[in-house]
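Worksheet: one structure, shown below.
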Amino acid sequence: MFFISDENDIKSGNTSDIYFKRAEEILKKKKLNPNVKAEIFLKGFPNNYKWGVLSGIEESIKLLQGIKGLRVKGLPEGTIFKEEQPVLLIEGNYLDFGIFETAILGFICHSSGISTKAARCKIAANDKLIFNFGARRVHPAITPMVERCAYIGGLDGVSTIKGAQVINKQPVGTMPHALILIFGDTVKATSAFNEIIDKNVNRVSLIDTFNDEKFEAIRVCNELGSNLFALRLDTPGSRRGNFRKILEEIRWELDIRGFKNVKLMVSGGLDEDEILNLSDIVDAFGVGTSISGARVLDFSMDIVEINGEPLAKRGKKSGAKKLIRCSRCFEDKIILENDHSSNYICNKCGGAYDDLFETFIEDGNLVYSLLPPEQVREKVIKQLSFLSL
């Protein structure tokens, strides 16, 4: 009915580029199936980014699990990485996993792009609440992936029912313009929301449907008083003028009337630059297109060893590698897979290096405990303290 691939399509190789299938046919005919090590790393960031949040590793592990003889190592989901750093190392007979290159890169490129953009927005929000409202900007088949990646990238919640199930949280949201239009009045719609919806759900009134936001804000606050959690502005760009001045005016009017507890929430066309500009006056952000439509990150998978011998194509460094990181200052170093992090001392601060690579799969068996999304998110937020936009 819909133009989507299911799990069987992915695991059977039907979502792979055809040239991998043709290579497989040739190698089988010629009885060639060497043991190789293939490495995944980022070729370059978009938009002058300096770092990314790794996602898609869990799905890649699940795809490769069960392939006898296969070994998979790499950075765990949610690890901060930089340009040209190895993030995943796959070792096994080429014909056992080569057909999955397209799917693995799809998992990691798309997911990491979303998590990275979410993390950048989280930094810009400066500890203010920030939610993913971008499900309507992507194909619904991948909504759970988008919501999960936005959450582990640092966002505080997601809006769809299915996305919230994936991260084991309650979905968050306010009210649609449609509800207010049907009631014909912002206060009437907000009052109905307050009357009917579960009391555990925060009351957030959308105040830009009919009238000037300042006067709608005053009307709603006078009606609902302490029941109101926040006011949301989703003002169209054509009507915003100086959006910051509008927000400052509303904050002033609410404060002098005793509504200092009512928070201001904004949504509509936000990215990290706009969030940064408003983070001192806004209490919560709903971000859509800039996260759900984030640029994919351009990872590559390349063979770096064949039958134990270092070998890579032009422009790539031969030999299996791994990433180590200074536990004190977050400085990184790329070393050979069989090297030891204990051999190195950080030149920047004198701290010790930690080996960031974990073994995920050994002889086809999962040997790593995958973390729930909440713990991945906590790990990401700790790492963000070392970073800036």
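The values are calculated or read from the model by the stated rules, or taken from the named source; none is laboratory data. Please read these numbers as outputs of a predicted model, since none were measured by experiment. Because the Cβ atoms are built from the backbone with ideal geometry, glycine has one as well, and the counts that use them run over all protein chains shown.
General observations
- Within segment 318-330, considering residues that are modelled with pLDDT of 95 or more and among the charged types (D, E, K, R), the one farthest from Asp355 (Cα to Cα): Lys321
- Considering Ile108, Ile123, the condition of being crowded, with 24+ Cβ neighbours inside 10 Å, within 15 Å of the chain's Cα centre (by Cα), of a type in the set (Val, Ile, Thr) and modelled with pLDDT of 95 or more is satisfied by Ile108 alone.
- Residues that are assigned to a loop (DSSP other than H, G, I, E, B) and among the small types (Gly, Ala, Ser) were ranked within segment 39-87; the one that is surrounded by the most Cβ atoms within 10 Å (Cβ to Cβ) is Ser55.
Residue-by-condition table, conditions (1) under 19 Å from Leu63 (Cα atoms); (2) touching a residue at least 40 places away in the same chain (Cβ under 8 Å):
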residue	(1), (2)
Phe81	no, yes
Leu89	yes, yes
Asn93	yes, yes
Gly98	yes, yes
Gly106	yes, yes
Ala119	no, yes
Gly153	no, yes
Asn194	no, no
Asp198	no, no
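- Flag for Ile303 being surrounded by fewer than 22 Cβ atoms within 10 Å (Cβ to Cβ), in the same structural domain as Thr102 (by TED's automatic domain parsing), in contact with a helix residue (DSSP H, G or I) (Cβ under 9 Å, 6 or more places away or on another chain) and β-branched (Val, Ile, Thr): yes
- Residues in segment 220-236 that are surrounded by 17 or more Cβ atoms within 10 Å (Cβ to Cβ) and not in a strand (DSSP E or B): Val220, Cys221, Leu224, Leu228, Phe229, Asp234, Thr235.
- Within the span defined as segment 250-272, one or more residues are in a helix (DSSP H, G or I), within 19 Å of the chain's Cα centre (by Cα) and at pLDDT 95 or above.
- Selection count where residues are small (Gly, Ala, Ser), part of a loop (DSSP other than H, G, I, E, B) and surrounded by 14 or more Cβ atoms within 10 Å (Cβ to Cβ), scope segment 163-199: 1
- Of all residues in segment 13-36, exactly one satisfies the criterion of being loosely packed, with under 11 Cβ neighbours inside 10 Å and under 22 Å from Glu59 (Cα atoms), namely Ile18.
- Scanning segment 126-147 for residues that are among the aliphatic types (A, V, I, L, M), in contact with a strand residue (DSSP E or B) (Cβ under 6 Å, 6 or more places away or on another chain) and surrounded by 22 or more Cβ atoms within 10 Å (Cβ to Cβ) turns up just one, Ile130.
- Entry remark, segment 44-79: residues being without any contact (Cβ under 8 Å) to a residue 24 or more places away in the chain and at positive phi number 1 in total.
- Every residue from segment 273-317 that is part of a strand (DSSP E or B) and farther than 30 Å from Phe229 by Cα: Phe299, Ser300, Met301, Asp302, Ile303, Val304, Glu305, Ile306, Glu309, Pro310
- Residue check for Ala150: surrounded by fewer than 14 Cβ atoms within 10 Å (Cβ to Cβ), at pLDDT 95 or above and not assigned by TED's automatic domain parsing to the domain that holds Leu231: no
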